[in-house]
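Single-structure report; data block below.
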Amino acid sequence: ARVLCLLGLAAPLVLWRPFMERIIQWLRRAIKRIPTPDHLPSQRAINISAIWTAASLTASAIGYAALLQPLQDERDVATLTLAFIVAWAVGFLVLPVPGGLGIREAVLVALIGGAAASIVGASLAHRMINIGVELAAVGWHYTVGRRLHGRGEDDLTQ
């Protein structure tokens, strides 16, 4: 656990553009089709993206905690939120499994304990809500968003 905590302190290193450049150069030795480091966004864009990602993940985790907390009376929302963030990160890192399907839930069961059925049920509800929101966002874009920004069909295909 102490080693993992120390690795956590090094996590911001992956957001540092020079570090990304070195990793890409190292990977290009083995895989030539990886783009060159000059395709990386600016450090400012990387930082802004990291902030938006953290805000989005936190909001999603709070939403999950709100779904699960009534079923897990002995756990507070903060504990459930942090458990979701850890489980999301583990599910994200398990590359062969799309969306961490099942991995995230297994980590949640291990971290939270209690009835696995309520954890899986809340996870399914959370995933369905996320899919619904994404579909609504796409629908909004194709109906209202394009008119607001004056974009036609040709702009979307370029």
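Brief remarks follow.
Rundown of residues vs (1) small (G, A, S); (2) free of Cβ contacts under 8 Å to residues at least 40 places away in the same chain; (3) over 27 Å from C5 (Cα atoms), yes/no style:
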| site | (1), (2), (3) |
| --- | --- |
| I51 | no, yes, no |
| A55 | yes, yes, no |
| A61 | yes, yes, no |
| R75 | no, yes, no |
| W88 | no, yes, no |
| P96 | no, yes, no |
| G102 | yes, yes, no |
| L135 | no, yes, yes |
| V138 | no, yes, yes |
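- The residue that is surrounded by the fewest Cβ atoms within 10 Å (Cβ to Cβ), counting only those in the stretch 33-68 that are touching a Lys or Arg at 6+ places or on another chain (Cβ under 7 Å) and assigned to a helix (DSSP H, G or I), is Q43.
- Residue in the stretch 109-116 that is open to solvent by 60 Å² or more (accessible area, probe 1.4 Å), part of a helix (DSSP H, G or I) and at pLDDT 90 or above present: yes
- Among the residues making up the stretch 4-32, those that are surrounded by 11 or more Cβ atoms within 10 Å (Cβ to Cβ) and charged (D, E, K, R) are R17, E21, R22, R28.
The values are calculated or read from the model by the stated rules, or taken from the named source; none is laboratory data. From a predicted model like this one, the values you see are computed outputs, not experimental measurements. Ideal geometry is used to build each Cβ from the backbone, glycine not excepted, and the neighbour counts take in all protein chains shown. Keep in mind that these areas ignore ligands, DNA and RNA; they rest on the heavy atoms of the full protein, side chains included. Shrake-Rupley method; radii C 1.70, N 1.55, O 1.52, S 1.80 Å.
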